[in-house]
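Engineer: I am attaching a structure below and will ask some questions about it afterwards.
The values are calculated or read from the model by the stated rules, or taken from the named source; none is laboratory data. For clarity, every value in this text was computed on a predicted model and none was experimentally measured. Note that we place each Cβ from the backbone using ideal geometry, even for glycine, and neighbour counts take in every protein chain shown.
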Amino acid sequence: PVGMYLNKYEWAGSQELGDCSIRIREAQLEFDDGTWECQVTASDFHTQDALTSLPIRLVVRVSPQRPRIEYNASQVLPGHNLTALHGEVAIIKCVSHYGNPPPVLKWFLDQNEITPSRRQTNSTELDNPRTWMAISVLELTISKENHGRTLRCVAVHESYSTKSSSIEVRLDVMYVPETRLVGIPTTDVEELKDSVAVRCMVNSNPRASVTWRREGQSVAASFQELLQFSPVVRQHAGLYTCHARNQAGESPPLRFHLDVKYPPKILSVGPDRLTTAPLFTSATFECIGEGNPQPTYQWLQRYPTPSDFIIERGRESKLHISNVTYDYQGEYVCKVTNIIGGTERTVQSEAIALQVVGAPQVLRHSIKPEIRVEKGENADLRVVVCADPRPRVMAWEWGSVRLEAGSVKGRFKVDDVTEEEREDCYSAALHILQAESVDSRAYYLAVENDKGKDKHAVLLHVNEPMQLSTLVSLAGGALAAFLLLICACIYAIKTEKCCFSRKGDFKPTDLDSEKLEIEKNSTGPGGIPADAIYTTTPRGGRGHHSPEAMKTPVLSTFSNHLT
């Protein structure tokens, strides 16, 4: 029982009127908090008329301490980071101590309220059972999208001056680095001309360390986000990989291939500056070059002519001549080409020479096999022959005649041997003055040196003009044929008119009588029935001819023409 004490417990009503209300001044938790009852004692021992009121709960409010946030059994100070890993479910507690009654705890992510999956628990404090400890547990799925957002726990209590108290922490979400490459070259990169700067852009928390590595090398190419070469050289070419690592893990590797282009360069050509090959043997040249992209090769032979005629002999690094002739004698260069940035880059080797030795050889492809002249004109027969050593014999032969160089016989003259612009090649010419029809024949050039000999024929045709009598005969024959053709046409026209003039005398009975007469004649002894004219019966496979077999064969010369 509580007695009445001035300035602490006082009667608040009139007892005479039965009002037993009590006023409690300066309520204190340790004395006043609890359940109160009003009791009236009995008037005497025998009547037993004592009364007791229903209990009433008096709560003395006590402001709770400021709430605090705990994660992984550690307190997170206000304004500090709550660090968690992306993808995990974080168990976060909000705890409020020493409040009476216990506060209501609420969660907010930025300005959005979050309803926890578990109910708030309240329990009395061990060291002060009249106060309460309130705990709210939040199960939050951590996402990197929440990085940097504010997580707030609010304790709502009437004893606070602002009716609530809160604590805020910053979500620090750790996640594996995400990388992308910026600045990968999209066009050709040329050595000593272009620069390369490729950046490995990293999105991560916490900050990641970046490492560039080149395939095949144990030493890192760079520890910076920016991989830079200025200028780029061919030694920089390779496959580069960007790795980014932090406490959350390592990013998937990103790769790019750096292809450094450089123009072609000839490393060697040979085997020697001068190669000597016997006639009709083989010879091989090799050109070794480098370049990126891989260069193409051309073997070019230059003929010593006023126009410096060039002929292509091969398109491979190695040139193999299986059958050496004097056509292959001369200077050769190797031309190496590639394309960088759409521009053709070319380099050409120094000239190497092929010297051919052997028997004489007439350059048959350079002369006409037949020469035609009119009667009375001069005929010039010219042949080019190559030989090393120099020919000691060069003569024209026909019939029983043989004329050596520098000789003259009647209308026939052979020039002295003259050297051609091509090395070891010579020109032999036979001149026939006022050619006659009897001069039409084959003329042979015979050439000989210490290694052997060669012989080649040139055919001469002398065209004789027609005589006047022959022309008159041909003209007369053509005129007679023309007159005969006119007469035939006139006769045909008259015959047609005669047939049409008999139309008026024709009768149908005439046709029947003529038909009957024909049938009689045809069925007589040895006659052939009329229908037999239109039917052929094969006998023993003879007498049968297909329409195709009756066609006149046509000779096609297209294939002959192509060959």
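Engineer: Checking the condition surrounded by fewer than 18 Cβ atoms within 10 Å (Cβ to Cβ), over 25 Å from T276 (Cβ atoms), hydrophobic (A, V, I, L, M, F, W, C) and touching a Gly at 6+ places or on another chain (Cβ under 9 Å), which residue from L403, L433 passes?
Structural biologist: Step by step, each of L403, L433 is checked, and only L433 is surrounded by fewer than 18 Cβ atoms within 10 Å (Cβ to Cβ), over 25 Å from T276 (Cβ atoms), hydrophobic (A, V, I, L, M, F, W, C) and touching a Gly at 6+ places or on another chain (Cβ under 9 Å).
Engineer: Same structure, new question: Give the range 270-281 a look and list any residue that's at pLDDT 95 or above and part of a strand (DSSP E or B), or say none.
Structural biologist: Selection gives L274, T275, T276, A277, P278.
Engineer: Against the conditions (1) over 30 Å from E419 (Cβ atoms); (2) in contact (Cβ under 8 Å) with a residue 40 or more places away in the chain, where does S268 fall short? Just the number, please.
Structural biologist: In the conditions (1) over 30 Å from E419 (Cβ atoms); (2) in contact (Cβ under 8 Å) with a residue 40 or more places away in the chain, S268 misses (2) alone.
Engineer: While we're looking at this one, here's another question. With surrounded by fewer than 16 Cβ atoms within 10 Å (Cβ to Cβ) and at pLDDT 95 or above as the only criterion, which of H86, H80 stands out?
Structural biologist: Every option except H80 fails the conditions.
Engineer: Restricting to the range 92-118, give me the number of residues that are more than 53 Å from the chain's Cα centre (by Cα) and not in a loop (DSSP other than H, G, I, E, B).
Structural biologist: Residues that pass the stated criteria total 16.
Engineer: Being under 54 Å from the mean Cα position of the chain (by Cα), modelled with pLDDT of 95 or more and among the hydroxyl-bearing types (S, T, Y) is the requirement here; does T121 meet it?
Structural biologist: no
Engineer: Being under 12 Å from R66 (Cβ atoms) and touching a Ser or Thr at 6+ places or on another chain (Cβ under 6 Å) is the filter; apply it to the range 146-159 and report the residue that is surrounded by the most Cβ atoms within 10 Å (Cβ to Cβ).
Structural biologist: A155
Engineer: Do we have any residue at all in the range 51-60 that's more than 30 Å from P129 (Cα to Cα) and in a loop (DSSP other than H, G, I, E, B)?
Structural biologist: no
Engineer: Further, regarding this structure: For E30, indicate whether it is assigned to a helix (DSSP H, G or I), of a type outside the set (A, V, I, L, M) and surrounded by fewer than 13 Cβ atoms within 10 Å (Cβ to Cβ).
Structural biologist: Judged against the criteria, E30 is a match.
Engineer: Can you tell me which residue in the range 304-326 is modelled with the highest pLDDT, limited to those that are crowded, with 18+ Cβ neighbours inside 10 Å and within 18 Å of V384 (Cα to Cα)?
Structural biologist: Here the residue is V324.
Engineer: Within the range 296-303, is even one residue within 27 Å of A387 (Cβ to Cβ), at pLDDT below 95 and among the polar types (S, T, N, Q)?
Structural biologist: No - not one qualifying residue is present in the range 296-303.
Engineer: What do you reckon, is G330 surrounded by 18 or more Cβ atoms within 10 Å (Cβ to Cβ), outside the structural domain of P391 (by TED's automatic domain parsing) and at pLDDT below 95?
Structural biologist: yes
Engineer: What single numbered condition from (1) touching a residue at least 60 places away in the same chain (Cβ under 8 Å); (2) within 13 Å of K93 (Cα to Cα); (3) under 60 Å from the mean Cα position of the chain (by Cα) fails to hold for T179?
Structural biologist: For T179, the failing item is (2).
Engineer: I would also like to ask the following. N72 fails exactly one of the following numbered conditions: (1) more than 60 Å from the chain's Cα centre (by Cα); (2) loosely packed, with under 13 Cβ neighbours inside 10 Å; (3) among the polar types (S, T, N, Q). What is the number of that condition?
Structural biologist: Condition (1) is where N72 drops out.
Engineer: OK, next. Restricting to the range 150-173, give me the number of residues that are under 14 Å from P78 (Cα atoms) and of a type outside the set (A, V, I, L, M, F, W, C).
Structural biologist: Within the range 150-173, residues that are under 14 Å from P78 (Cα atoms) and of a type outside the set (A, V, I, L, M, F, W, C) number 7.
Engineer: Filtering the range 123-145 down to residues that are out of contact with any His (no Cβ under 9 Å at 6 or more places or on another chain) and surrounded by 16 or more Cβ atoms within 10 Å (Cβ to Cβ), which residue is farthest from L29 (Cα to Cα)?
Structural biologist: L140
Engineer: OK, next. Where in the range 211-259 are there strands (runs of 3 or more DSSP E), lying wholly inside it, with at least 2 residues that are loosely packed, with under 15 Cβ neighbours inside 10 Å?
Structural biologist: Hits in the range 211-259: 226-229, 254-258.
Engineer: May I ask you to verify whether L267 is within 25 Å of D388 (Cα to Cα), out of contact with any Pro (no Cβ under 8 Å at 6 or more places or on another chain), modelled with pLDDT of 95 or more and in a strand (DSSP E or B)?
Structural biologist: The answer is no for L267.
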